[in-house]
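For reference, the structure is listed below as structure tokens.
Just so it is clear, none of the values below were taken in a lab; they were calculated from the coordinates. Given the structure is predicted, the values throughout are model-derived calculations rather than measurements. Please note: Cβ atoms are built from the backbone with ideal geometry, for glycine as well, and neighbour counts cover all protein chains shown.
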Amino acid sequence: MARKSGSYSRSQNRPAADAGQMLIDERRQHILSLIQSHGRVVVGELSRSLGISQITIRKDLEFLQAKGLIQRTHGGALRLQSGALFDPSIQEKQKQHAQEKHRIAQAAAEMVEEGECVMLDSGTTTTAVAQELKRFAHLTVITNAVNILLELSSTDFELILIGGSLRKNSFSLVGPLAEDVLEEMHADILFLGVDGFDPEIGVTTPNFLESRVNRAMVKAARRVVAVCDSTKFGRRSLSRIVPPSAIQCVITDKGLPRSAEEALRAQNIELVLV
């Protein structure tokens, strides 16, 4: 289908595999990305471009609406202008809560011992952690974030960048290759940046593929530390990474709501407020 103004082609923002073979989560993430990029989608156009039935497309849109991520309309769907549910770029995130992220990063670095293996997922808070790790002489750092690799390239650290497909929005590598590599890895500590943290549901992210890689990182780490500013609490993004029970420690700022603090402590999660 020729691309028109405000429309979308079959190949844009989607995996190279045939649409009929796309996983349900991947297809829904693709549809969500189209809505975020164009502001709207039409059921008929999606059906033709993806080669699947309009009934299936409607079910996908209903699922995304139930998650609070889109607004269904007659014949299609519209983008929600909601900061808690939108997937902002890493450049946009860098402008938010810089002082809090700096304090969180300093506290995170205090948990690291010389010679350890540290794993960092993508994000601006984990990038701040990487900057603080430069105080060490000898570390092994595993990451899926291209910008973090570049941040640490001037050090004498052993740096391991896992493979995968590049998510330009976050400079992260995701996909089956990344997940397979992580099955062979082990780290002393993982610093996990998150988009949402609900003490009942767990940690979440807007991107399905990112959540799968993050989940593999959690499995590969001896200790898991969530690093996020207090505005992330109470948010629920589209895809859950892990439940709260998989997190041993949370580092956040003192703006954390009292209800969230009590819920975390009730689950015996170590809490560091900076």
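Near residue 215: Cβ cut-off under 11 Å, other residues only, Lys/Arg at +1 and Asp/Glu at -1. The net charge is 0. Among the GluC sites (Glu not before Pro) within region 172-229, those in coil by DSSP and having at most 12 neighbouring Cβ atoms inside 10 Å are 183, 184, 200.
DSSP finds beta bridges in the chain, and of those with both partners inside it, around 40 percent are antiparallel. Go through (1) 78, 46, 37; (2) 72, 51, 31; (3) 57, 40, 30 and flag the label whose value is the computed Cα extents along the principal axes in Å for this structure. Working out Cα extents along the principal axes in Å from the coordinates points to (3). Just checking the listed ones, 97, 186, 30: in the Gaussian network model of the chain with Cα springs under 10 Å, the one fluctuating most is 97. Of 160, 24, 35, the residue with the greatest mean-square motion in the GNM of the chain, using alpha carbon springs below 10 Å, is 24. For the pair region 223-252 and region 51-75, the centres of their Cα atoms are 28 angstrom apart. Just checking the listed ones, 214, 169, 144: in the Gaussian network model of the chain with Cα springs under 10 Å, the one fluctuating most is 169. Checking every one of the trypsin sites (Lys or Arg not before Pro) in region 185-274 against DSSP loop status and a limit of 13 other Cβ atoms within 10 Å picks out 254. By the helix-only formula, in which each DSSP H run with n ≥ 4 contributes -39500 (n - 2.57) and the sum is divided by residues, the chain has a 222 nm mean residue ellipticity of -10000 deg cm²/dmol.
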